[in-house]
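Reading through the structure tokens given below for one structure.
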Amino acid sequence: MKLLTHMTCCFLILSALLIETAAGKEESADESLRERKALYLKTSALTGVPWEFLAGCDQYARMSTPKQTPEPLIALHFSKKEWAGLANPNEEDQNPLSIAFFGGSGLDGNGDGKSDRENPEDRLFAFTQRMASEGPGQDNNRIAAWKFFRRGKAVEMIDGFSRLYSHYNTLDLSAHAFPLSLAAHYDYQSTWGSRRGWGGLRIHEGTDLFADYGTPVRATGYGIIEMIGWNKYGGWRIGIRDIRGNYHYFAHLKGYAPHLQKGHIVEPGQEIGYVGSSGYGPPGTMGKFPPHLHYGLYLDNGKTEFSVDPYPVLRVWEREERAKKKAMH
């Protein structure tokens, strides 16, 4: 069972992160990203709902639904009943008038006279009109998002995604970085799932990267600091939520880079802290184990968050950085 669980988690992390990493450069020039943003901007201009908020909602829908190939232009979706109307005898109805009569959500977003649930522009327009129905402003947008997704964490993530899109003015935020400089002295192996005894029997939810005390630790992706401070297990730690909804956890730090606070935006390779040996006790406890970085990775499927083995993507990010460094010389 343990092997099966580990293999399942490896598959999940590879599908959620490794594919994205390998396709990073291609995605930056991908026409689908430009087309998607153009659709957000067009719909925003028609409805007054900020494009960044639409992008954040769509990104949450994208990360919380099963992966599709090819990836849909717009991931926001409606059930047939919701689209056509609960009392509508025709679940495939595309007539805007009859859909409105039965109280369905379906709308004609592209002006072709049909409310097509399979058309991404129609779906986005219908979703945006639902958001706009609560009234203008960020607070009303948040209320509308909660009513649609029915999850408080969804609203929190959408806020973060929206801030990232607004800050960088792009949808291409897929780049990653290895958490330590390649010039540092470090070593690591797959330690996810091994037993830990301090504070009660539990499994190790991460990979330990052993390095010299004070070695700079870097952010592994674009994201927002969701948690910073002391934890009795992790010591001085930082938790960062990336644009895919993944939670990156850095623990046992000696301290933090200057001026970092909860809510700050970070990017790949940015210095966020320093390798230490903090944790396993009250605030300030140090030296109960050799200095190392505990790096944990948690995926979110729209319902719950769970730990996965970060070792495979660490190896990928490490190889990619070595290749970039070699290419520069």
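In the condition set (1) surrounded by 20 or more Cβ atoms within 10 Å (Cβ to Cβ); (2) in contact with a Ser or Thr (Cβ under 6 Å, 6 or more places away or on another chain); (3) of a type outside the set (S, T, Y); (4) closer than 17 Å to T215 by Cβ, M286 is compliant with all but (1). So in the stretch 246-286, with the set limited to residues that are without any contact (Cβ under 8 Å) to a residue 60 or more places away in the chain and aliphatic (A, V, I, L, M), which one is farthest from S166 (Cα to Cα)? Checking each candidate, the answer is M286. If you filter the stretch 148-166 down to residues that are without any contact (Cβ under 8 Å) to a residue 60 or more places away in the chain and either over 22 Å from F78 (Cα atoms) or touching a helix residue (DSSP H, G or I) at 6+ places or on another chain (Cβ under 8 Å) (or both), you find that the one that is most open to solvent (accessible area, probe 1.4 Å) is G152. The single condition among (1) on the phi < 0 side of the Ramachandran plot; (2) polar (S, T, N, Q); (3) open to solvent by 60 Å² or more (accessible area, probe 1.4 Å) that N169 does not meet is (1). Scan the stretch 133-145 and give yes if some residue there is more than 27 Å from V266 (Cα to Cα) and open to solvent by less than 40 Å² (accessible area, probe 1.4 Å), otherwise no. Yes, because at least one residue in the stretch 133-145 is more than 27 Å from V266 (Cα to Cα) and open to solvent by less than 40 Å² (accessible area, probe 1.4 Å). Scanning the stretch 122-132 for residues that are without any contact (Cβ under 8 Å) to a residue 60 or more places away in the chain and either of a type outside the set (D, E, K, R) or surrounded by fewer than 22 Cβ atoms within 10 Å (Cβ to Cβ) (or both) gives A126, R130. The residue of the stretch 98-121 that is farthest from the chain's Cα centre (by Cα), among those that are crowded, with 19+ Cβ neighbours inside 10 Å and hydrophobic (A, V, I, L, M, F, W, C), is I99. Within the stretch 44-73, residues that are under 20 Å from F148 (Cα atoms) and free of Cβ contacts under 8 Å to residues at least 24 places away in the same chain have Cβ atoms under 8 Å from residues that are of a type in the set (D, E, K, R) and assigned to a loop (DSSP other than H, G, I, E, B) in these pairs: R62/E71, counting only partners at least 6 apart in sequence or on another chain. The sole residue among G281, G263 that is of a type outside the set (S, T, Y), part of a loop (DSSP other than H, G, I, E, B), surrounded by fewer than 20 Cβ atoms within 10 Å (Cβ to Cβ) and modelled with pLDDT under 95 is G281. Residue count for the stretch 266-278, restricted to those that are at positive phi and open to solvent by 40 Å² or more (accessible area, probe 1.4 Å): 0.
The values are calculated or read from the model by the stated rules, or taken from the named source; none is laboratory data. None of the values given here were measured: they were computed from a predicted structure. All Cβ positions, glycine included, derive from the backbone under ideal geometry; neighbour counts span all protein chains shown. Surface accessibility is based on the protein's heavy atoms, side chains included, excluding ligands, DNA and RNA. Shrake-Rupley method; radii C 1.70, N 1.55, O 1.52, S 1.80 Å.
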